[in-house]
Amino acid sequence: ETAVFQTPNYHVTQVGNEVSFNCKQTLGHDTMYWYKQDSKKLLKIMFSYNNKQLIVNETVPRRFSPQSSDKAHLNLRIKSVEPEDSAVYLCASSAGGALDTQYFGPGTRLLVL
Amino acid sequence: GDSVTQTEGLVTLTEGLPVMLNCTYQSTYSPFLFWYVQHLNEAPKLLLKSFTDNKRPEHQGFHATLHKSSSSFHLQKSSAQLSDSALYYCALSGNYNVLYFGSGTKLTVEP
């Protein structure tokens, strides 16, 4: 099966803790993305990676740090979570061109208490 | 910078009536435009995208026409179905080909 996979599905934590999310794509794409979907369903780009290299960082707080071991994997670590980090984090991948479809994973829902 | 505006947050229709969801954009160049649909508890997925020529993209009965003169890419369907109930996002492809999304329109189709 070719798709975008994310783990965990859901994570509950407390303010100040560190969390990590994983994303893997089996579509053979070179480009992967992290998007944040907040409680109002606003969907916003956070990071873009092309073949393990960071391409785009959309003024995301420094407590967020993405990491890519190879072009099929893109992880996201949040060092010290804050209440406003509660959201769904969506991973996506594409071939990287302007007109290429982005394929989204099911998302990781983070709840910060 | 690049931005997309969707003026309707909520649209409620009766099954069989036509659908029109508005999308306008601002960009310093001529971007590509997309419509993504997200059903409840699912991932967003592509519905349709603008072509480089003047063709009108269509998918599952939905179509949209890119009007550069008015910076618009409205989504239309002639007859709404119950299964069309979902969250619809208009987006443009910006720098380094990331997507900039509008605020989304929740479409509810009632019997």
For this session: Please specify each residue of the range B:1-49 satisfying the condition of being more than 14 Å from chain A (Cβ to nearest Cβ), under 11 Å from the mean Cα position of the chain (by Cα) and open to solvent by 50 Å² or more (accessible area, probe 1.4 Å).
Result: B:M20, B:T24
Seminar exercise, completed: Expected single match for open to solvent by less than 60 Å² (accessible area, probe 1.4 Å), within 14 Å of chain B (Cβ to nearest Cβ) and of a type in the set (D, E, K, R) among A:D70, A:D85, A:D38 is A:D38
Exercise. So which pairs qualify, if the first residue must be in the range B:11-27 and hydrophobic (A, V, I, L, M, F, W, C) and at pLDDT 95 or above, the second must be exposed (fewer than 14 other Cβ atoms within 10 Å of the Cβ) and not in a loop (DSSP other than H, G, I, E, B), the Cβ gap must be under 9 Å, and the two must be at least 6 apart or on different chains?
Worked result: B:V11/B:M20; B:V11/B:T108; B:L13/B:T108; B:L13/B:E110
Problem set entry | Selection from the range A:84-108 of residues that are among the hydrophobic types (A, V, I, L, M, F, W, C) and in contact with a strand residue (DSSP E or B) (Cβ under 6 Å, 6 or more places away or on another chain) | A:A87, A:V88, A:L90, A:C91, A:A92, A:A98, A:F104
Seminar exercise, completed: Subset of the range B:77-111, residues more than 8 Å from chain A (Cβ to nearest Cβ) and free of Cβ contacts under 8 Å to residues at least 60 places away in the same chain, comes to B:K77, B:S83, B:S85, B:A86
Seminar exercise, completed: Within the range A:88-113, the residues that are open to solvent by 60 Å² or more (accessible area, probe 1.4 Å) and either more than 14 Å from chain B (Cβ to nearest Cβ) or of a type in the set (S, T, Y) (or both) are A:Y103, A:L111, A:L113
For this session: Of the numbered conditions (1) away from chain B (no Cβ under 14 Å); (2) at pLDDT below 95; (3) under 14 Å from the mean Cα position of the chain (by Cα), A:E58 fails exactly one; give the number of that condition.
Result: (1)
For this session: Would you tally the residues in the range A:74-113 being touching a Leu at 6+ places or on another chain (Cβ under 6 Å) and at pLDDT below 95?
Result: 1
For this session: State which residue is nearest to the other protein chains (Cβ to nearest Cβ) when the search covers only the range A:41-55 and only residues that are among the polar types (S, T, N, Q) and surrounded by 14 or more Cβ atoms within 10 Å (Cβ to Cβ).
Result: A:S48
Exercise. Would it be correct to say that A:Q25 is surrounded by 13 or more Cβ atoms within 10 Å (Cβ to Cβ), of a type in the set (S, T, N, Q), within 14 Å of chain B (Cβ to nearest Cβ) and over 19 Å from A:H73 (Cα atoms)?
Worked result: no
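The values are calculated or read from the model by the stated rules, or taken from the named source; none is laboratory data. Nothing here was measured: the structure is a model prediction, and the numbers come from that model. All Cβ positions, glycine included, derive from the backbone under ideal geometry; neighbour counts span all protein chains shown. Protein only, heavy atoms only, side chains kept; ligands, DNA and RNA dropped before computing areas. Shrake-Rupley method; radii C 1.70, N 1.55, O 1.52, S 1.80 Å.
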